[in-house]
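Below is one structure, written out as structure tokens; the observations come after it.
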């Protein structure tokens, strides 16, 4: 997209807001589904496609990673392009195997760690940068993973034009011994919204990297201790649990989620502010700061919270005194509407919340008891929270549109060369209108 096209999109959106003219009725006929359903459907579609097309590759990748770890060599997981997934690779999570892959909560980081890798070590990465290029030259075995942040041959010419050039104009294949196709789309956003014609919106890229991470961690953990285990034994279990729970939530709780989105839309349109918190911070990241996330979320100072405001809390654990419980209780005391999503056994948070969505993940931090490990392995509740929050958020925007309210979005850093003044315009708009 060139500057003229982007400017046209900005002017188009600005005129709609400034003039208070709703084009929603003119565009809904062309939409095959509402925004929330599109976000959910696209999320599940990509995860299904990645699994069905690449599960054999996940098996081979997991075998090599496990063999490398058992031999005493190092494996670094560096697939953190996507923001929210940075919080899923926290090395301090209690549901990781001991002596497994090295991770760090950094975007395009781990330079010191990667610079120490030698021939015989492994690197799984999204990034084409100084350290990954150098590692490949040293003979480190690299698995490159496609991601919507970086140019790749699988993306359309237009999608690649929207991205900054890769480091030294290299392709992922140039630095990789093998490439894993994540099957995520070439745009970072997932949802087509008529009033934002220049791009798809709704943070979702990180969710696909989260899914790949936990599929791989589950399978590698088993192969580390049980090298003769059946292929894809725990990756298959993870995939089936994830999809089954998502489908069940969508079927049984969609009516509640959608009606809550409608209520919150009106509250925001009438001046309410919205904050989102989560543990781990994956949902928080998607909600406030990730590319294609809502600008209005967590924008205003939380110490000004009052009646008529909204707090959405996403939890994984059943702890009665978790940080999320404290956040919800504080918001309740200030008169805010409290919406929460978490496991059914999170009794305290459920009792505080005005609306509660069950993520069907009562196991919290530790999905599988894998032979040979003293702790439980795997995390699925946080990914479910991310996808269902994304669906809720997108549907909330649809409901706002019905009233002529058009919120603004954060842009991806990939748009940096063509967005002079755009971030400032977003912040000006939200400060002025509240959304």
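The values are calculated or read from the model by the stated rules, or taken from the named source; none is laboratory data. These numbers were taken from a predicted model, which means no experiment stands behind them. Backbone-built Cβ (ideal geometry, glycine too); neighbour counts: all protein chains shown.
Residues are listed down the side, and each one gets a yes or a no for (1) within 30 Å of residue 286 (Cα to Cα); (2) assigned by TED's automatic domain parsing to the domain that holds residue 176; (3) touching a strand residue (DSSP E or B) at 6+ places or on another chain (Cβ under 9 Å):
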| residue | (1), (2), (3) |
| --- | --- |
| 47 | yes, yes, no |
| 51 | yes, yes, no |
| 63 | no, yes, no |
| 67 | no, yes, no |
| 70 | no, yes, no |
| 75 | yes, yes, yes |
| 81 | yes, yes, yes |
| 86 | yes, yes, no |
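Checked against the criteria, residue 291 counts as part of a loop (DSSP other than H, G, I, E, B), in contact (Cβ under 8 Å) with a residue 60 or more places away in the chain and under 24 Å from residue 105 (Cβ atoms).
Can you find a residue in the range 301-310 that is surrounded by fewer than 18 Cβ atoms within 10 Å (Cβ to Cβ) and in contact with a helix residue (DSSP H, G or I) (Cβ under 7 Å, 6 or more places away or on another chain)? Don't jump to the end; show me each part of the working.
We begin by selecting, within the range 301-310, every residue surrounded by fewer than 18 Cβ atoms within 10 Å (Cβ to Cβ); these are 301-304, 306-308.
Of the ones still in play, those that are also in contact with a helix residue (DSSP H, G or I) (Cβ under 7 Å, 6 or more places away or on another chain) are 308.
Taking every residue of the range 301-310 in turn, at least one turns out to be surrounded by fewer than 18 Cβ atoms within 10 Å (Cβ to Cβ) and in contact with a helix residue (DSSP H, G or I) (Cβ under 7 Å, 6 or more places away or on another chain).
Taking the criterion of being under 16 Å from the mean Cα position of the chain (by Cα) and assigned to a loop (DSSP other than H, G, I, E, B), the residues of the range 296-315 that qualify are 297, 315. Residue count for the range 104-159 satisfying the condition of being under 20 Å from the mean Cα position of the chain (by Cα), surrounded by 20 or more Cβ atoms within 10 Å (Cβ to Cβ) and within 15 Å of residue 75 (Cβ to Cβ): 4.
Filtering 370, 384 for residues that are outside the structural domain of residue 278 (by TED's automatic domain parsing) and surrounded by 19 or more Cβ atoms within 10 Å (Cβ to Cβ) leaves a single hit, 370. Checked against (1) outside any loop (DSSP other than H, G, I, E, B); (2) under 29 Å from residue 283 (Cα atoms); (3) touching a helix residue (DSSP H, G or I) at 6+ places or on another chain (Cβ under 6 Å), residue 122 meets all criteria but (2). Inside the range 55-80, residues that are in a loop (DSSP other than H, G, I, E, B) and surrounded by 22 or more Cβ atoms within 10 Å (Cβ to Cβ) make up a count of 2.
Of the helices (runs of 4 or more DSSP H) contained entirely in the range 150-264, those carrying at least 3 residues that are under 24 Å from residue 84 (Cα atoms) and at pLDDT 95 or above fall at 205-225.
Just one of the listed residues (251, 261, 328) is touching a strand residue (DSSP E or B) at 6+ places or on another chain (Cβ under 7 Å) and either surrounded by fewer than 23 Cβ atoms within 10 Å (Cβ to Cβ) or in contact (Cβ under 8 Å) with a residue 12 or more places away in the chain (or both), namely 328.
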